[in-house]
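All remarks here apply to the structure that follows.
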Amino acid sequence: MLLTIIKFLALALTLLVIIKSYLAYRQRQETFVMFLFWSVTWLAVIIIAFYPEVITAVLGQRRLGVGSFLGIALVFVYFVLYRVYVKADRIEKRMHEIVRQFALKDPALSKQGRVKSQLRRRTKKVK
Amino acid sequence: MRLAVVVPAHNEEKTIGDVIDGIPRRIDGISTINRIVINDASIDRTAARAKKAGALVLSHRINIGQGGAVLTGIKAARQLGNALVVTLDGDGQHDPDDIHALVDAHFRDKADLIIGSRFLSQTIETMPALKWYGNKIMNGITFTFSGKQVSDSQSGFRLIGERMLSVIDEFNMTGYEFCSEMIIGAKRHGLLISEVPIKTIYFDGRQGQNPLNGLNIFLRLFYRAVTG
């Protein structure tokens, strides 16, 4: 039962990713190489989900079992997640700073600043 | 002494005019009051309404969140030479008349960050239960990272003094976590934090903060604490 759910999930996610990647490629938001990369990667996920014995066949029973392979994969996924999070955070901060700089360059702000400083100078002269 | 009132606003066309109109024209000890609205990429007539009410309106081209809008407003206020900044929400949940209480407290206590606390006021009874518990959890999270116990860590109604303004460039969080970040930063710099009671007006259709947003804020504060 559990294996069937895993297979179904893997199939659904693979279809989703490949369709989204293909649409992005069609809309020129993604290169063909990227589309190919995601397709191959997710097809590999499907193969492992449906035929887990492939891992043993490729890597050998004694050298690396299915459990160890999944453990290493999990560590790798967490590392990728961390890298993506750090990069997204960095890009978000830069983007926010650009948005702020644009807002602060509004002529209304500099105009109000000029008027205030002129008023201050006049007040000082009167004193 | 010059004071700026900064109002972050995202799609607040129904309330922004009244909020700006409600800002006191005269406050004891204050020579000039600047009213600044940061229009955080609203798709309605927030900017036009605020401008009509007499505020200086600066617009973000894309929505970056309440904290980001407050930070832009504070930087604009500093650019205009203001020594004090009061921030309040644009959705009408704060009574602008309470600005008097915050300014009085600043002159009396010499605090660098004064938080308008909904929990110190009698009107707290009008706060929905889920929000009440959400705020309490956020107080706990803020205490964990700052070591400072405050009754209303998520209040957007605040007064920021000169010494706090001088370190404001260190802040860069843009969502609701900005409220906690400000308390953490003030404590780190050894600045004085105090609270005054404020009225709270709750009404149907108010957007506000999702009470379940606490986990997201906790993760962001944790990430910030780890990475510096």
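Each reported figure results from applying straightforward, stated rules to the coordinates on display, with no laboratory input. The structure displayed is predicted, hence computed values, not measured ones. All Cβ positions, even for glycine, are placed from backbone atoms using ideal geometry, and neighbour counts span all protein chains on display.
Observations
- From most to least packed by mean Cβ count within 10 Å, the peptides B:3-12, B:214-223, A:44-53, A:76-85 give B:3-12, B:214-223, A:44-53, A:76-85.
- Peptide A:83-89 has a mean of 1 when you count, residue by residue, the C-beta atoms of other protein chains within 10 Å of its C-beta.
- Remark: B:K110, B:K187, B:K14 ranked as B:K110, B:K14, B:K187, counting other beta-carbon atoms within 10 Å and listing the fewest first.
- Shielding of B:153-166 by partner chains, average beta-carbon count, 10 Å: 0
- Approximate spin-label separation A:A108-A:T31, in nm, with each point projected 7 Å along Cα-to-Cβ: 4.3
- Where a label projected 7 Å from the Cα of A:K93 along Cα→Cβ would reach, residues of region B:163-179 with amide N under 14 Å: B:169-175
- Positive-end ranking of B:G65, B:I168, B:A41 along the dipole of chain B, with charges on Cβ about the Cα centre, is headed by B:I168.
- Alpha-carbon centroids, region A:1-50 and region B:4-69: separation in whole Å: 46
- Exceedance of the 21 Å cut-off in Cα-Cα distance is limited, within the set B:K75/B:K131; B:K75/B:K148; B:K14/B:K52, to B:K75/B:K131; B:K75/B:K148.
- Sorted peptide list for A:28-41, B:44-57, criterion being average Cβ within 10 angstrom, highest first: B:44-57, A:28-41
- Three-way shape label, the protein assembly as shown, alpha-carbon gyration tensor, a/c 1.5: prolate
- Test item: Cα-centred dipole of the protein assembly as shown, Lys/Arg +1 and Asp/Glu -1 on Cβ, debye: 1560
- Whether chain B is rounded, prolate or oblate, judged on the alpha carbon gyration tensor where a/c under 1.5 counts as rounded: rounded
- Residue order, fewest to most beta carbons within 10 Å, for B:S59, B:S151: B:S151, B:S59
- DSSP H segments from chain B that extend 24 Å or more along their own axis, Cα-based, with Kyte-Doolittle mean of -1.0 or above: B:129-146
- Three-way shape call for region B:55-110 based on the alpha-carbon gyration tensor, with the a/c threshold at 1.5: oblate
- Farthest toward positive dipole pole in region B:11-133 [+1 Lys/Arg, -1 Asp/Glu at C-beta], among B:G29, B:L120, B:Q93: B:G29
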